[in-house]
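The values are calculated or read from the model by the stated rules, or taken from the named source; none is laboratory data. Small disclaimer: the values here were computed from a predicted structure and weren't measured. Heads up, the Cβs are rebuilt from the backbone with ideal geometry, glycines too, and the neighbour counts pull from every protein chain shown.
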Protein chains: 2
Amino acid sequence: MTLTTAPTPITDVLKFALAARAEQVEAMLDALMPPTSGMEKRLIDAMRYASLGGGKRLRGFLVIEVAQLFGVAPTCAARVAASVEMLHAYSLIHDDLPAMDDDPLRRGQPSTHIAFDEATAILAGDALQARAFEILAESDTHSDSEARCELVQALGLASGARGMAGGQMIDIEAEGKALDLVQVGRLQALKTGRLIQYSAEAGAILGRANTHQRQQIAAYGRDIGAAFQIADDILDATGTAEDIGKTTGKDHAAGKATLVSLLGIERATQQAQMLSQQAIDHLESFDEGAARLRDLAAFVVARRS
Amino acid sequence: MTLTTAPTPITDVLKFALAARAEQVEAMLDALMPPTSGMEKRLIDAMRYASLGGGKRLRGFLVIEVAQLFGVAPTCAARVAASVEMLHAYSLIHDDLPAMDDDPLRRGQPSTHIAFDEATAILAGDALQARAFEILAESDTHSDSEARCELVQALGLASGARGMAGGQMIDIEAEGKALDLVQVGRLQALKTGRLIQYSAEAGAILGRANTHQRQQIAAYGRDIGAAFQIADDILDATGTAEDIGKTTGKDHAAGKATLVSLLGIERATQQAQMLSQQAIDHLESFDEGAARLRDLAAFVVARRS
């Protein structure tokens, strides 16, 4: 399912940039993992299995591209990108557990609890979360400790009870219940939106952006997060596991309401496109340095996987 | 099982102090929990269930007492104490899960996954971890953002793959294996020792202690952490669930080696007492302000629960 009819040259440029950033994030993730030695080797193997070698690195891309707008040193941005991707990887490990979404497949590979075991998967998620926060506080991440504290605080907010974990709770509780549009919107804003928004904001925090700039970047992040989620629901409803590398039709099978089930494919597609345009509009005060962020807003609703 | 024959007056004074500190920590935990509203209410209820209303608050006590040595404002110390107790509570929730130690009882009450369900318990642990880090980074915790970053970084190290989570991994892998004294020592240093040591160190970080003082406090924390764990193993081997409010005989039933199974009760007791004395010795450069910390070192090996 695509929302545009054919790939545009812009998309090709973006795809190249995404691949290049993903490589940077991957290298930094590798460098920031605890050394694989000692009796706890199995845990670190699981952390690496869940974090390395896959994914679009959308969150990492956002950190790095926004940071670049403000002239942040590439290494600092890559460290924060790796931190966000570790946080994201932990959430995927825990979401896939039998007690949660019970999903044996992730990025076309066995989920961490299948490749290892449940106990190891729970602990690997826990340890990835701890490492994500630790990295942000390390002096190599930013010369200004105020900025580092802001990064930690905002990540806690985005990923905790009033953010990602809260969204996952609502999602689990929603099974078999008839959520309305407002409720589904809140669920998705918390479950996936907050961390995507944080990724963009983190770039602005690193860049010591002024309040107005930070608000614009946050609004951009919020809108592409929402657009991304709708596109994900459309893929879940229409794609195949082979196409997108994870189990599809899950939401329908679980009786979960999504914007697609509430609005239908066509109106959900329109909604995603509207959010994508709105995201682009938030960037109007930025020059051509924000071109790839604008392209990304178009890409998230046009992607096939 | 007690390691001294009768309660001493010192112990009574200490018990009063422990109770008073526990009350402070409890009030701060309550204040720092996310508000129980919204669709994610169930999650926050579970976080509260697992964190409030119980426990000795040994870790919180250590933060507050060490901080007091350096004249830290009580509110700042109580915030860090609450953060450490949230981190500890998350670890207990996850340790009790069916995939981990599978323990239905904690502090004499149903474990969180029994009182709620597994998915909620996993998420409550995750959200408590996030909140613990977030609190440390908030400006109310310390006026100096360098100190806040140090707190975050040290907690990440103490609780992650090379700390608490790594220790839990080793513990799970150890089932049915014959660990030797060195391996058991490392397991326990990581699983429970690091967070207890962190609690003491956090007080010194808050107090901007000099390097020597911080090393002495860290050494004190390491030794009472080790002594505490041996005392715990002795209680597990000899106490009843009614006495200590959790399932006993677990280690033996799981075929896990402890210092008690390797050394026997008598030599393990001597080892705990030696560590307790060593902890007290590390405090020699501190005046009578450290009296309760000295008493605590004696108490951890004399406790009945």
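If a residue must be out of contact with any helix residue (DSSP H, G or I) (no Cβ under 8 Å at 6 or more places or on another chain) and in a helix (DSSP H, G or I), how many such residues does region B:166-184 contain?
So in region B:166-184, the residues out of contact with any helix residue (DSSP H, G or I) (no Cβ under 8 Å at 6 or more places or on another chain) come out as B:175-178, B:182.
Restricting the remaining residues to those that are in a helix (DSSP H, G or I) gives B:182.
Summing the residues that are out of contact with any helix residue (DSSP H, G or I) (no Cβ under 8 Å at 6 or more places or on another chain) and in a helix (DSSP H, G or I) in region B:166-184 gives 1.
Can you pull out every residue in region B:43-57 that is at pLDDT below 95 and either outside any loop (DSSP other than H, G, I, E, B) or surrounded by fewer than 19 Cβ atoms within 10 Å (Cβ to Cβ) (or both)?
The answer is B:Gly53, B:Gly54, B:Lys56.
Of all residues in region B:260-305, how many are assigned to a loop (DSSP other than H, G, I, E, B), under 27 Å from B:Arg106 (Cα atoms) and small (Gly, Ala, Ser)?
Here is the first cut: in region B:260-305, the residues assigned to a loop (DSSP other than H, G, I, E, B) are B:282-287, B:301-305.
In the following step, the residues that additionally are under 27 Å from B:Arg106 (Cα atoms) were identified as B:301-305.
After this cut, where a residue has to be small (Gly, Ala, Ser) as well, the list is B:302, B:305.
Qualifying residue count for the region: 2.
For region B:205-216, name all the residues that are assigned to a helix (DSSP H, G or I) and in contact with a Leu (Cβ under 8 Å, 6 or more places away or on another chain).
Of region B:205-216, the ones assigned to a helix (DSSP H, G or I) are B:205-206, B:211-216.
Those that are assigned to a helix (DSSP H, G or I) and in contact with a Leu (Cβ under 8 Å, 6 or more places away or on another chain): B:Ile205, B:Leu206, B:Gln216.
Residue by residue, here is whether (1) modelled with pLDDT of 95 or more; (2) among the aromatic types (Phe, Trp, Tyr) holds:
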| residue | (1), (2) |
| --- | --- |
| A:Arg106 | no, no |
| A:Pro110 | yes, no |
| A:Ile114 | yes, no |
| A:Ala119 | yes, no |
| A:Leu123 | yes, no |
| A:Phe133 | yes, yes |
| A:Ile170 | no, no |
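How many residues are crowded, with 24+ Cβ neighbours inside 10 Å and more than 20 Å from B:Asp140 (Cβ to Cβ) when one looks only at region B:62-84?
The number of residues fulfilling the criteria is 2.
Yes/no per residue for (1) at pLDDT below 95; (2) in contact with a Ser or Thr (Cβ under 9 Å, 6 or more places away or on another chain):
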position: B:Pro9; (1), (2): yes, no
position: B:Lys15; (1), (2): yes, no
position: B:Gln24; (1), (2): no, no
position: B:Ala27; (1), (2): no, no
position: B:Ser37; (1), (2): yes, no
position: B:Glu40; (1), (2): yes, no
position: B:Val66; (1), (2): no, yes
position: B:Leu69; (1), (2): no, no
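Just to be sure I understand, how many residues within region B:133-169 are surrounded by fewer than 24 Cβ atoms within 10 Å (Cβ to Cβ), under 17 Å from A:Met47 (Cβ atoms) and aliphatic (A, V, I, L, M)?
1
What is the number of the single condition among (1) under 26 Å from B:Asp171 (Cβ atoms); (2) in contact (Cβ under 8 Å) with a residue 40 or more places away in the chain that A:Val84 does not meet?
Only one criterion in (1) under 26 Å from B:Asp171 (Cβ atoms); (2) in contact (Cβ under 8 Å) with a residue 40 or more places away in the chain is unmet by A:Val84, namely (1).
For region B:163-171, indicate whether the set of residues that are more than 12 Å from the chain's Cα centre (by Cα), away from chain A (no Cβ under 12 Å) and not hydroxyl-bearing (Ser, Thr, Tyr) is non-empty. Can you show your working first?
First, the residues of region B:163-171 that are more than 12 Å from the chain's Cα centre (by Cα): B:163, B:165-171.
Next, only the ones that are away from chain A (no Cβ under 12 Å) stay: none.
No; the residues of region B:163-171 include none that is more than 12 Å from the chain's Cα centre (by Cα), away from chain A (no Cβ under 12 Å) and not hydroxyl-bearing (Ser, Thr, Tyr).
Being within 20 Å of the chain's Cα centre (by Cα) and either buried (at least 22 other Cβ atoms within 10 Å of the Cβ) or more than 12 Å from A:Tyr49 (Cβ to Cβ) (or both) is the filter here; which residues of region A:87-101 pass it? Break it down into steps so the answer makes sense when it comes.
Just the residues of region A:87-101 that are within 20 Å of the chain's Cα centre (by Cα), to begin with: A:87-97, A:100-101.
If the condition is that a residue be within 20 Å of the chain's Cα centre (by Cα) and either buried (at least 22 other Cβ atoms within 10 Å of the Cβ) or more than 12 Å from A:Tyr49 (Cβ to Cβ) (or both), then A:Leu87, A:His88, A:Ala89, A:Tyr90, A:Ser91, A:Ile93, A:His94, A:Asp95, A:Asp96, A:Leu97, A:Met100, A:Asp101 are the ones that fit.
State which residue is farthest from the other protein chains (Cβ to nearest Cβ) when the search covers only region B:112-147 and only residues that are farther than 15 Å from A:Leu128 by Cα and without any contact (Cβ under 8 Å) to a residue 12 or more places away in the chain.
Of everything passing the filter in region B:112-147, B:Ile114 is farthest from the other protein chains (Cβ to nearest Cβ).
Examine region B:30-48 for a residue that is more than 14 Å from every other protein chain (Cβ to nearest Cβ), of a type outside the set (S, T, N, Q) and farther than 30 Å from A:Thr120 by Cβ, and state whether such a residue exists. So that I can check it myself, show each step before the final result.
Taking region B:30-48 as the starting set, the residues that turn out to be more than 14 Å from every other protein chain (Cβ to nearest Cβ) are B:30-31.
Next cut, of a type outside the set (S, T, N, Q) only: B:30-31.
After this cut, where a residue has to be farther than 30 Å from A:Thr120 by Cβ as well, the list is B:30-31.
Within region B:30-48 (the criterion being more than 14 Å from every other protein chain (Cβ to nearest Cβ), of a type outside the set (S, T, N, Q) and farther than 30 Å from A:Thr120 by Cβ), the answer is yes, since at least one residue qualifies.
Hey, A:Ala302 hits all of (1) over 23 Å from A:Gly167 (Cβ atoms); (2) modelled with pLDDT of 90 or more; (3) aliphatic (A, V, I, L, M) but one; which does it fall short on?
So A:Ala302 meets the others, but not (2).
Looking at the structure I just gave you, is A:Ser111 of a type outside the set (Val, Ile, Thr), crowded, with 18+ Cβ neighbours inside 10 Å, on the phi < 0 side of the Ramachandran plot and touching a strand residue (DSSP E or B) at 6+ places or on another chain (Cβ under 7 Å)? Steps first, please.
Working: of a type outside the set (Val, Ile, Thr): yes; crowded, with 18+ Cβ neighbours inside 10 Å: yes; on the phi < 0 side of the Ramachandran plot: yes; touching a strand residue (DSSP E or B) at 6+ places or on another chain (Cβ under 7 Å): yes.
So A:Ser111 passes the test.
Suppose we filter A:Ala78, A:Ala89 for residues that are in a helix (DSSP H, G or I) and over 22 Å from B:Tyr90 (Cβ atoms); which single one remains?
Values: A:Ala89 fails: over 22 Å from B:Tyr90 (Cβ atoms).
One residue alone meets the criteria, A:Ala78.
In this structure, is A:Gly160 at the interface with chain B (Cβ under 7 Å from one of its Cβ atoms) and under 23 Å from B:His142 (Cβ atoms)?
Working: at the interface with chain B (Cβ under 7 Å from one of its Cβ atoms): yes; under 23 Å from B:His142 (Cβ atoms): yes.
So A:Gly160 passes the test.
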